[in-house]
Amino acid sequence: MQEIETLTELDEIVARHAASLRGWHLQSLDLTDRVDALAAVEVAGAVFLGCRFAPGSEDDVRRRGGLVFPTVPAVPFDPYRATLYSPDDLYAGLAGGYEGTPDALAYAWSLGERSLDRTLAAALHDHAIDDALEEYVEGRSLVGVMGGHAVPRDSAEYATAARLGRALGGVFTVATGGGPGAMEAANLGAWLTGAPADALTESLGLLSAVPDFTGDVGAWARAALDVRKRWPHGSGSLGIPTWYYGQEPPNALASVIAKYFNNAVREDMLLKVCRGGLVFLPGAAGTVQEIFQSACTNYYADSSGVTPMVLVGREHWTRTIPVEDLLRTLGNGRPFGARLYLVDSTEEVLPLLVQDRGDRR
C-alpha cells in the first residue's frame, strides 16, 4: 500500500499515465476538481480516507470498486489528517484568544459526553497520527527527554533542560511529551541547536516574562512563538502531547507535534519511537510512570531491543523518589541492566548515549 497525501502527488501519478490506483491510499484530499482524473483511472482497490468529492463523483468511485471512508461531520479536527501538526496548526487564530484555537476546540470537544461517533472519530484521528508519526521517525535516531511539566521558565531546572536539548539536538532528534515545563525546555534547546551561542540565553530571558501557562495560555504560547520568529530556522524536534491532559497546552517549540486523544497510545508511542535513548530528568508521578513503562519493555527485550535509560539526578532518583535500586534489581542479569545509567548532571548524558550507540554497533 502506498499513500497519496497531496493533490500534487495525485496529479504526478495520473500524469505518468497510471492506469490504476489499486493499492493506493488517498488521504484527506479535496477531490472536487479532480472529477476527470478519477474517471480516467481504475479505482478498484484504492482507499479514499476522508476525501471530498464533487457531486456524483463519490458514487461513481464507489460503483467502480473504490473503498470510501466518508468524512466525519461536526468535529473540530480532521480525523484523516495526513501529517503531524505544527505549532501554527494548533495555535491558529491565537490572536483572538486561546479558546478559539484548534487545540482548545479539540480539547473542549473531547470533554463531551462519550458516544460511539465520538470515540470512532478520536480513534480515526489517532490512527492517522500513528501513520504520520511512523513516516516522521523513519531514518531518524530519536532520544526522548522526560521531566516535570510544572518546571517554570524562569528556573534553573528549565535552563538545564534547555541546555540538554541543545546538546542532544546536535546528534539526535529530540522528542518530548510535548507539554510545558522541562518538556518545552528540551524542545527549546533542540530548536536552537544551530543558532548562535547566546541565542539560548536570550530566549530564556524572553520566555521568563511568562513563566507558566496557568495565568494566560495565550500569552504563554505567544512568547514561545515569538522565540521561533526571532530564530526562524530552528532544528527539528518532536512533541507528543495528549488532549487527555488538555488542561496542559502543547508547547510551541517542538517543530512537529503528534497530538493524541488516547493517552495510553500516546505514552506507548512516545517511548516506542525513542530508540536512541530515554533521559529522565527529576520529575514526579508522570515521569515515574514513563520510567517503569520503559523498564517493563526493556525487561522482556533481548539485547537488540533494549532502549538505554538515563536517570539524571542521583539524589532525586535514589533518595527523593528511590526508583534506581528497584530498576537495578529488575535489570540484574538481563541486557536491560547494562543499559541503565544514573548520572549527576545533564553534561554526562550526550557522551554516554553516543558511547552506548557506538557499543551497539
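Here Cys296 sits with roughly 70 square angstrom of accessible surface, probe radius 1.4 Å. The shape of segment 117-174 can be summarised by an equivalent ellipsoid whose semi-axes, obtained from the alpha carbon gyration tensor, come to 30, 19, 6 Å from longest to shortest. Mind running the shape call on segment 28-101? Use the C-alpha gyration tensor, a ≥ b ≥ c as the square roots of the eigenvalues: rounded below 1.5 for a/c, prolate if a/b tops b/c, oblate otherwise. Prolate, because a/c is 1.5 or more and a/b exceeds b/c.
Per-residue SASA remark: Glu157, around 120 Å² accessible (1.4 Å probe; ligands, DNA and RNA not included). When all protein chains stay in place and ligands, DNA and RNA are ignored, the 1.4 Å accessible-area order of Ile321, Ile4, largest first, is Ile321, Ile4. Of all the options Leu116, Leu49, Leu253, the one that moves most in a Gaussian network model of the chain with Cα springs shorter than 10 angstrom is Leu116. Computed from Cα atoms, the angle from the helix 182-191 axis to the main principal axis of the chain rounds to 70 degrees.
Would segment 135-266 count as rounded, prolate or oblate if I go by the C-alpha gyration tensor, calling it rounded below 1.5 in a/c and otherwise prolate when a/b exceeds b/c, oblate otherwise? Here segment 135-266 falls in the oblate category. Summing -39500 (n - 2.57) over the DSSP H runs of n ≥ 4 in the chain and dividing by its residue number, what mean residue ellipticity at 222 nm do you reach, to the nearest 500 deg cm²/dmol? Helices in the chain give a 222 nm mean residue ellipticity of -12500 deg cm²/dmol. Across segment 225-282, Cα-Cα distances exceeding 19 Å account for 40% of all pairs.
Using only the C-alpha atoms, the convex hull of segment 1-68 corresponds to 69 Å³ per residue. Computed over neighbours whose Cβ is under 15 Å from that of Tyr91, the net charge equals -4, Lys and Arg +1, Asp and Glu -1. The accessible surface of the chain, taken with every protein chain in place and a 1.4 Å probe, is 53 percent carbon and sulfur. Pair-distance distribution of the chain: all C-alpha pairs, bin width 20 Å, starting at 0; shares per bin in whole percent are 28, 51, 20, 1. Gyration tensor over the Cα atoms of segment 1-140: the corresponding equivalent ellipsoid has semi-axes (square roots of 5 times the eigenvalues, largest first) of 30, 18, 15 Å. Take Lys229: with every protein chain present and a 1.4 Å probe, its accessible area is about 150 Å². Rounded to the nearest 20 debye, what is the charge dipole size of segment 276-355 about its Cα centre when +1 sits on each Lys and Arg Cβ and -1 on each Asp and Glu Cβ? Dipole of segment 276-355, to the nearest 20 debye: 180 debye. Compute the helix-to-body angle for 217-230: its Cα long axis versus the longest principal axis of the chain, expressed 0 to 90° and rounded to tens. It is inclined by approximately 90 degrees. Surface listing: Tyr245, Tyr91 arranged by accessible area from highest to lowest gives Tyr245, Tyr91, probe 1.4 Å. Compared with the dominant Cα axis of the chain, that is its longest principal axis, helix 156-169 is turned about 60°. The separation of segment 299-339 from segment 216-236, counted between C-alpha centres, amounts to 35 Å. Measure off 7 Å from each Cα along the Cα-to-Cβ vector at Ala156 and Leu105, then give the distance between these two points in nanometres to one decimal. Reported label-point gap for Ala156 and Leu105 is 4.5 nm. Between segment 130-199 and segment 55-102, the C-alpha centres lie 29 angstrom from each other.
The values are calculated or read from the model by the stated rules, or taken from the named source; none is laboratory data. Just so you know, these numbers come straight off a predicted model, no measurement behind them. In this analysis, Cβ positions are derived from the backbone assuming ideal geometry, glycine residues included, and neighbour counts consider all displayed protein chains. These accessible areas exclude ligands, DNA and RNA; they are computed on the full protein's heavy atoms, side chains included. Shrake-Rupley method; radii C 1.70, N 1.55, O 1.52, S 1.80 Å.
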